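Have a look at the structure below, then the notes.
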Amino acid sequence: MAVEVGVGRGGSEYAPGVAFEAMTDLVERRDLDQVYQPAEDSRLLAETAAERVGDGDLVLDVGTGSGHVAAVAEDAGADVVGVDLNPLACRDARDSGIPVVQANLTDPFRDGVFDAVLFNPPYLPTPPEDERDDWMEYALSGGEDGRAVIEPFLDGVGRVLAPAGRVLLLVSTLTGLDAVVEYAAKRGLSAEEVAAESHPFERLVVLALVPGRSTDETTN
Ligand SMILES: C[S@@+](CC[C@H](N)C(=O)[O-])C[C@H]1O[C@@H](n2cnc3c(N)ncnc32)[C@H](O)[C@@H]1O
């Protein structure tokens with residue numbers, strides 16, 4: 001989802017005007033088949049996952065889309081299952097040989113089973129008036145602050161992690177990196193930046209999240 005529009009932005013500050021232009025550009029380029037096709041973010045997450053999962057690992061790819069990230073993790077030796085809300089994405093991923101469940105985030109899975117959970121979430125900040133009623137919106141829009149899907153994911157992902165399990169979460173500076181790290185800490189997940197790539201108007205980062213001590217006892 002790296003942004004390639006003609007208005008600059010820098011650093012990790014959220015700039016609403018630029019994010020709006022970015023969204024406009026992506027809307028114009030959106031794939032009519034309604035399944036998110038692998039992009040820079042998919043590739044960064046997939047490459048990072050390939051270095052960090054291996055034989056015998058049970059891996060969940062949340063928001064699997066076309067199944068690209070899941071397939072790379074599988075090539076690295078992991079047993080991978082995908083989940084996506086979009087039935088068309090589930091069909092495409094299944095056609096690529098990935099077992100897929102159509103469901104919300106980690107909801108259908110048992111407690112404590114996954115060695116790794118991967119997620120390239122929808123993260124573009126999107127004003128309500130620009131929301132579209134189609135499946136590509138589910139792939140792109142992170143709501144007004146970009147974290148509308150990331151936060152519920154962080155609320156639930158700890159439950160499905162095996163004792164030594166970890167999360168690899170793709171985040172953009174458009175989404176507010178510090179806010180994501182702080183929210184994860186409140187949910188008992190400590191974050192470390194393990195990969196990053198700069199693009200003209202955003203920096204893509206992969207966070208490795210592991211269970212630690214919550215920074216907010218009231219939200220446990
Ligand atoms: C940015 S796309 C990533 C697709 C693929 N993983 C990749 O990297 O190319 C985000 C995906 O998350 C899915 N998604 C959005 N909200 C979801 C939710 N609540 N539960 C499951 N999947 C969701 C979308 O349908 C979309 O396929």
Quick count over region 168-186, residues being crowded, with 18+ Cβ neighbours inside 10 Å and either of a type in the set (G, A, S) or closer than 11 Å to R147 by Cα (or both), is 10
Has region 108-123 got any residue that is in contact with a Pro (Cβ under 9 Å, 6 or more places away or on another chain) and within 12 Å of the ligand (Cβ to nearest atom)? no
Among the residues of region 69-97, the number that are of a type in the set (A, V, I, L, M) and under 19 Å from F153 (Cβ atoms) is 9
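Restricting the search to region 52-98, which residues are on the phi < 0 side of the Ramachandran plot and assigned to a loop (DSSP other than H, G, I, E, B)? Lay out the reasoning, then the answer.
If we filter region 52-98 for residues that are on the phi < 0 side of the Ramachandran plot, which is where we start, we get 52-55, 57-62, 64, 66, 68-76, 78-96, 98.
V53, G54, D55, D57, T64, S66, A76, A78, L85, N86, S96, I98 - these are the residues of region 52-98 that are on the phi < 0 side of the Ramachandran plot and assigned to a loop (DSSP other than H, G, I, E, B).
Condition (residue is in contact with a strand residue (DSSP E or B) (Cβ under 7 Å, 6 or more places away or on another chain) and more than 8 Å from the ligand (Cβ to nearest atom)) applied to region 61-71: is it met by at least one residue?
Scanning region 61-71, I find no residue that is in contact with a strand residue (DSSP E or B) (Cβ under 7 Å, 6 or more places away or on another chain) and more than 8 Å from the ligand (Cβ to nearest atom), so the answer is no.
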By residue number, the members of region 106-137 that are in a helix (DSSP H, G or I) and without any contact (Cβ under 8 Å) to a residue 40 or more places away in the chain are P128, E129, E137
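Read-outs: derived from the displayed coordinates by stated rules, not from any lab. Computed from a predicted structure; not experimentally measured. Don't worry about glycine lacking a Cβ; one is built from the backbone with ideal geometry, like all the others, and counts go over all protein chains shown.
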